[in-house]
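Below: the structure, in structure tokens.
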């Protein structure tokens with residue numbers, strides 16, 4: 001009986017010692033424990049976003065600091081605040097945040113040269129990509145008429161002296177910008193015998209044009225097309 005009592009006491013003491021040791025170890029915080037699940041925790045939302053980022057989450061580019069306040073800064077260089085031109089350019093910027101007047105003018109100058117030379121060469125394919133349907137039909141008709149008489153235009157593009165935006169507006173979802181271009185061109189039209197019947201193949205002539213370009217801001221196509229032309233005296 002005495003052995004039984006001693007053994008009972010021994011195991012009881014041992015159990016208490018082991019319990020206290022486990023408590024000291026399991027109950028101690030190291031700072032690395034996982035936080036309790038909280039569905040409203042911002043840190044939890046961050047973990048969920050990170051785990052799913054490689055699956056179906058598309059990261060959007062961050063807006064640069066001050067971009068909102070200076071969105072129209074480039075427009076002010078082309079038109080004074082309060083003018084119709086300024087308002088038109090702002091409207092286009094609102095419809096298409098990627099629009100920049102300077103970039104447009106540089107692109108329009110390149111398009112101008114391509115169109116002038118394509119018309120002279122009778123290059124319908126190039127014209128089709130740069131002109132609206134109405135303008136294209138007019139250019140092609142003129143080319144066909146010239147070809148029917150076996151006439152050819154000999155042209156050499158010298159350069160553009162000036163290109164200014166003179167009007168801008170939104171028509172529904174379509175942006176329209178009118179550009180006044182002053183260029184230098186050597187051009188002469190020859191008949192089927194090779195005789196010059198118009199222009200001068202040795203003289204640089206100043207050419208003034210007022211062209212209007214348009215682009216559907218709702219489309220992913222970034223290209224502008226020529227929608228109207230006017231020669232300026």
- If you scan region 114-138, which residues turn out to be in contact (Cβ under 8 Å) with a residue 24 or more places away in the chain, surrounded by 17 or more Cβ atoms within 10 Å (Cβ to Cβ) and part of a helix (DSSP H, G or I)? 115, 116, 119, 120, 130, 135
- Message: Given the options 93, 87, 64, name the one that is at pLDDT 95 or above and farther than 15 Å from residue 178 by Cα.
- Response: 93
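Conditions tested, residue by residue: (1) touching a strand residue (DSSP E or B) at 6+ places or on another chain (Cβ under 6 Å); (2) under 30 Å from residue 96 (Cα atoms); (3) surrounded by 13 or more Cβ atoms within 10 Å (Cβ to Cβ).
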site	(1), (2), (3)
184	yes, no, yes
188	yes, no, yes
193	no, no, no
196	yes, no, yes
202	no, no, no
211	yes, yes, yes
215	yes, yes, yes
218	no, yes, no
- Can you confirm whether region 162-183 contains a residue that is over 25 Å from residue 79 (Cβ atoms) and either assigned to a strand (DSSP E or B) or at pLDDT 95 or above (or both)? no
- Message: For region 141-153, which positions are surrounded by 15 or more Cβ atoms within 10 Å (Cβ to Cβ) and either touching a strand residue (DSSP E or B) at 6+ places or on another chain (Cβ under 9 Å) or at pLDDT below 95 (or both)?
- Response: 146, 152, 153
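The values are calculated or read from the model by the stated rules, or taken from the named source; none is laboratory data. Note that the structure is predicted; figures quoted are calculated from it, not measured. Cβ: placed from backbone, ideal geometry, glycine included. Neighbour counts: every protein chain shown.
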